[in-house]
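Participant: This is the structure I want to talk about, given as structure tokens.
The values are calculated or read from the model by the stated rules, or taken from the named source; none is laboratory data. It should be emphasised that the depicted structure is a prediction, and the values quoted were computed from it without experimental measurement. In this analysis, Cβ positions are derived from the backbone assuming ideal geometry, glycine residues included, and neighbour counts consider all displayed protein chains.
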Amino acid sequence: MDTEKKIQDAASYVREKYATPPQIGIILGSGFSFFQEHLQNSTAIAYKEIPNFPVSTVEGHAGNLVLGKCGEKHLCVMAGRFHYYEGYSMQDITFPVRVMASLGIKTLVVTNAAGGVNKAYDVGNFVLLKDHINLLGSSPLRGKETFGQRFVDMTRCYSGDLREAALETAKNHDIILHEGVYAATHGPNFETPAEIKMMRVLGADLVGMSTVPEVIVARQLQLKILGISCVTNMAAGVLDQELSHHEVMDTMDKNRQKFVGFIDELISQKL
Ligand code: HPA
């Protein structure tokens, strides 16, 4: 079966469970899945129920597509994402983005937990992505199927309007919001201090193991994109300590309330 048909079958299944077309898609990264509980009149669909969907495996990633309302906006929320390090192909990782676009979203909000490469950042800060560096070694647009444009422009892929709206919203909330460049690495091991030094030289402010494949596909689909990272730890070698997934999840837990207030206002009033 060609991928276009697989996308249509998955979208039809979701439409049977939630008839209203969502306007905004959100991908919840590590530790962000609490946001799904914030939706009103929501319907959760397990990934494993949806035809052709991959299934997520990592701790802290629930694996549900949740449709519901935030204010007057209808959202399609991915509670749990797929990572390259789990062994999926780039096409698998980005399949849900194509399904959400087929359902009707025009805006995609991508969230993630990231390591702080920029020494001016602190753990618990949030960062709006203004650009990224793809160190994954591949692209989800590689392959025989083109899905439209082959050579997709990546200039200004993180919407200036959306970033401005986010910065404005942050003023009403007790959060520190920077703007920065996200470097995506393969993982699943954290980086070495030497690799982090290299990334800083390359111009990265943050490092993480996700987001970039979804953003590339969203860009091909001409969605407006907003990327938000939570600095869950300082990257390797910045502080005199080792890194752990436990620290990443712990920081997310501590900052979730602040994030919910901010993202709720942003989505319901500004996007
Ligand atoms: N490196 C890579 N990915 C991450 C990190 C990190 O330090 N923290 C959270 N995700």
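Okay, residues lined up against (1) within 22 Å of His38 (Cα to Cα); (2) more than 15 Å from the ligand (Cβ to nearest atom); (3) surrounded by 18 or more Cβ atoms within 10 Å (Cβ to Cβ):
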| position | (1), (2), (3) |
| --- | --- |
| Tyr85 | no, no, no |
| Ile93 | no, yes, yes |
| Val99 | no, yes, yes |
| Thr107 | yes, yes, yes |
| Val110 | yes, no, yes |
| Ala114 | no, no, yes |
| Asp122 | no, no, no |
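Participant: Now for a separate question. Do you know which of the residues in segment 169-194 that are out of contact with any helix residue (DSSP H, G or I) (no Cβ under 7 Å at 6 or more places or on another chain) and surrounded by fewer than 18 Cβ atoms within 10 Å (Cβ to Cβ) is nearest to Gly87 (Cα to Cα)?
Facilitator: The extreme case among them is Asn189.
Participant: I want to confirm something. Restricting to segment 64-92 and keeping residues that are within 12 Å of the chain's Cα centre (by Cα) and modelled with pLDDT of 95 or more, which single residue is nearest to Ala165 (Cα to Cα)?
Facilitator: Val77
Participant: Next up: Which ranges mark the strands (runs of 3 or more DSSP E) fully within segment 132-243 that have 2 or more residues being more than 16 Å from the ligand (Cβ to nearest atom) and closer than 30 Å to Gln8 by Cα?
Facilitator: 224-234
Participant: State whether one or more residues within segment 64-84 are farther than 30 Å from Met234 by Cβ and among the hydroxyl-bearing types (Ser, Thr, Tyr).
Facilitator: no
Participant: Take the residues in segment 190-228 that are more than 20 Å from Thr155 (Cα to Cα) and of a type in the set (Gly, Ala, Ser), then tell me which one is farthest from the chain's Cα centre (by Cα).
Facilitator: So the residue we want is Ala194.
So that you can scan it fast, the table gives a plain yes or no per residue for (1) in contact (Cβ under 8 Å) with a residue 60 or more places away in the chain; (2) touching a strand residue (DSSP E or B) at 6+ places or on another chain (Cβ under 6 Å); (3) more than 24 Å from Ile133 (Cα to Cα):
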| site | (1), (2), (3) |
| --- | --- |
| Thr169 | yes, no, yes |
| Glu179 | no, yes, no |
| Pro193 | no, no, no |
| Val201 | no, no, no |
| Gly227 | yes, yes, no |
| Gly237 | no, no, no |
| Val248 | yes, yes, no |
| Lys258 | yes, no, yes |
| Glu265 | yes, no, yes |
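Participant: So if I check each of His173, His186, which one is out of contact with any strand residue (DSSP E or B) (no Cβ under 9 Å at 6 or more places or on another chain), modelled with pLDDT under 95 and closer than 18 Å to Leu135 by Cβ?
Facilitator: Selected residue: His186, the only one of His173, His186 that is out of contact with any strand residue (DSSP E or B) (no Cβ under 9 Å at 6 or more places or on another chain), modelled with pLDDT under 95 and closer than 18 Å to Leu135 by Cβ.
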